[in-house]
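> Here you go, one structure.
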Amino acid sequence: MVVSNYVRRRNTLAKLTIDRETCKGCGLCADACPKHLLALSKEINAKGYHPIGIEEQDKCIGCAFCARMCPDAVIKVEK
């Protein structure tokens, strides 16, 4: 059933890893996130950019839309 697949997927923990030193802060991943969990950080990385950060890791559904949108492949999603 569709509902049981949805519940099973929500209970699966997804781990989002961001290479903050390589991120250029373009924000494409934040726009792609259906849960709106990603936002630009106030911190500046070594290259002078505001890298992306995840606000509530436990709410990530592991869809990997953010990783697909990232032009520099700095996001990895593990399920």
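The values are calculated or read from the model by the stated rules, or taken from the named source; none is laboratory data. Since we're looking at a predicted model, the values are computed, not measured. When we count neighbours, we look across all protein chains shown, and the Cβ atoms used for this are built from the backbone with ideal geometry, even at glycine.
> Which number in (1) of a type in the set (Gly, Ala, Ser); (2) modelled with pLDDT under 95; (3) assigned to a helix (DSSP H, G or I) marks the one condition that Gly62 misses?
Gly62 satisfies every listed condition except (3).
> If you don't mind, another one. Condition first: surrounded by 12 or more Cβ atoms within 10 Å (Cβ to Cβ) and at negative phi. Now tell me which residues in the range 58-71 satisfy that.
Restricting attention to the range 58-71, the residues satisfying the condition of being surrounded by 12 or more Cβ atoms within 10 Å (Cβ to Cβ) are 59-70.
Lys59, Cys60, Ile61, Cys63, Phe65, Cys66, Ala67, Arg68, Met69, Cys70, listed by residue number.
> Being at pLDDT 95 or above and not in a helix (DSSP H, G or I) narrows it down to one residue among Lys47, Lys24; which is it? Show your work before the answer.
Working: Lys47 fails: at pLDDT 95 or above.
Being at pLDDT 95 or above and not in a helix (DSSP H, G or I) holds for just one of Lys47, Lys24, which is Lys24.
> Could you say which residue among Ala39, Ala73, Ala67 is modelled with pLDDT of 95 or more, of a type outside the set (Val, Ile, Thr) and assigned to a strand (DSSP E or B)?
Going through Ala39, Ala73, Ala67 in turn, just one is modelled with pLDDT of 95 or more, of a type outside the set (Val, Ile, Thr) and assigned to a strand (DSSP E or B): Ala39.
> When the residues of the range 40-57 are narrowed to those that are hydrophobic (A, V, I, L, M, F, W, C) and closer than 18 Å to Ala14 by Cα, which ends up surrounded by the fewest Cβ atoms within 10 Å (Cβ to Cβ)? I'd like the intermediate steps shown before the answer.
Step one: filter the range 40-57 for residues hydrophobic (A, V, I, L, M, F, W, C), giving 40, 44, 46, 52, 54.
Filter again for closer than 18 Å to Ala14 by Cα, leaving 52, 54.
Working: Ile52: 25, Ile54: 20.
Step by step, filter the range 40-57, then rank; the result is Ile54.
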